[in-house]
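Read-outs: derived from the displayed coordinates by stated rules, not from any lab. Just so you know, these numbers come straight off a predicted model, no measurement behind them. Here the Cβ positions follow ideal geometry from the backbone for every residue, glycine too, while neighbour counts run over all protein chains shown.
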Amino acid sequence: MNSTSKSFAIYGAEPEFENPVAVGQLYFPSWQRYERAMRGIFDRQYYANNGPLQTELEAKLQAFLGVKHVVCVTNGTFGLIMAAQALGLTGKVILPSFTFVASAQSLIWAGIEPVFCDVDPETHQLDITQLDSLIDDDVTAIMGVNLWGGASKVVELEEYAKRRGLKLYFDSAHAFGCEVNNKKISGFGSLEVFSFHATKILSATEGGCVCTNDDQIAARLRSIRPSYDKLPGAEIAKVANARMSEAQAAIALLSLEDFPKNQKNNETIFKCYRERVGNIAGIKLVEPNGISFSNYQYVVCEVDESQFGLSRDQLIKVLEAENILARRYFYPGTHRIAELDKYAENSCLPVTDKLCASCIQLPIGAPVDVKSVSRICQIIHEAQLESVSLRHFFDQGSL
Ligand code: T4K
């Protein structure tokens, strides 16, 4: 791509990438390994419900994460819904609004009122200094969310929750494999929930797990999951079918085996973005923070419109035309989503609002290599250099 404005695909030129480049890990094992795993399922004639692959996966995850119990489930959202039930939550739960909608929706499914907390402008993680002002007699728990391959202040949150007599758990959908003070995220708070969606570093295509060191919570989770078990000492009011299939577990086992390779590759790609976008005016790369080891699964940048010359949404349109499927995570902010907005009438979330209007997620994982990162960053750089004419193009309503 040369530096003249005419070469942008949004003006009608050929897109930079022939095929769409998605965000997300999008792990696909070799066909041979996949076939071998599926053949085992066919030989055993066993598809789901505590199958041998799910059992093997749970044991391997327990060892990898250094946590006593791993309960694999259909997806991360169901893990969060089950978490609320297993913890016996009632009343209200405080959580950041700057997260995927599933975090708050899990509370609605559990009949709990979400209380939205703002986030730290630098780290994007829950702002612990705001908690005091949000707690009333109905608040029973805090749900921390560990974002962008980083972590919220998990140790401080544990101390805080203990002092205030609140339960604490984490939506760690983005944090698989990350470490805080050289300890794997998995055992902070009463429990932690991971997502194994295809866009995550550990993929089961769809899937997730709940981790806990608490025997009773684990028994409750295992009672809820198959929709009928009543394990001793695990009284629960509601059950659900959240079983993980053997096909999901098969992919997850391969993905776990390849975690070191995928993490390393992400780290290399992330460093390449760091070098390339560092010099572009108005683009600030968010570093994974609060961790001693990151999965580097997310490349998130803040776009400062006044410096960059284009808004975040205009940049996304430029990239989309080039077949780069950058995303505005999280938009519009959980507290602005219909039916959840009613819980935010008295909330004050200026940082969340700013981030929801300015954050862009760029591709990482299997869809990109170092060479394509250079091409993506070059387009962003040229969009900045050509921002006046591109803005004129947008202002004229040409799109
Ligand atoms: N908490 C947090 C903080 C989360 O981020 C999430 C999920 C959850 C809880 C809930 O966990 P899950 O119930 O999902 O396990 C995606 C994912 O669906 C979702 O897992 C993720 N977070 C969320 C942030 O993003 P979408 O709707 O953007 O995903 P989707 O299907 O459009 O895929 C993204 C891109 O990847 C698209 O361009 C298409 C492409 N793609 C996707 C798949 C699945 C492929 O090219 N191939 C594929 O196989 O939500």
The stretch 281-384: GluC sites (Glu not before Pro) in DSSP loop, at most 11 other beta carbons within 10 Å: Glu339, Glu345
Mean Cβ neighbour count within 10 Å, used as a protection proxy, ranking 201-213, 356-368 highest first: 201-213, 356-368
Segment Tyr228-Ile337, extension gain: residue separation times 0.36 nm, minus the distance between their alpha carbons: 35.8 nm
Percentage of interatomic Cα-Cα distances in the stretch 360-399 larger than 13 Å: 62
Near-label residues of the stretch 165-179 by backbone N, under 19 Å of a point 7 Å along Cα→Cβ of Lys271: 178-179
Rg followed by Dmax, in Å, when the chain is reduced to its Cα trace: 21.8, 70
Amide hydrogen neighbours beyond the local backbone of Val115, cut-off 5 Å, H modeled: Val93, Ile94, Leu95
Label-point separation, Asn182 to Ser292 (7 Å along Cα→Cβ), nm: 0.5
Model label zone, Ala281; criterion: amide N under 12 Å from point 7 Å along Cα-to-beta-carbon; scope the stretch 357-390: 384-388
Relative packing of 72-78, 87-93, which averages over residues the other C-beta atoms within 10 Å, highest first: 72-78, 87-93
CD proxy at 222 nm, helix term only [per DSSP H run n ≥ 4: -39500 (n - 2.57); per residue of the chain; nearest 500]: -11500 deg cm²/dmol
Part-to-part distance (alpha-carbon centres) for the stretch 350-388 and the stretch 169-228, which is given in Å: 30
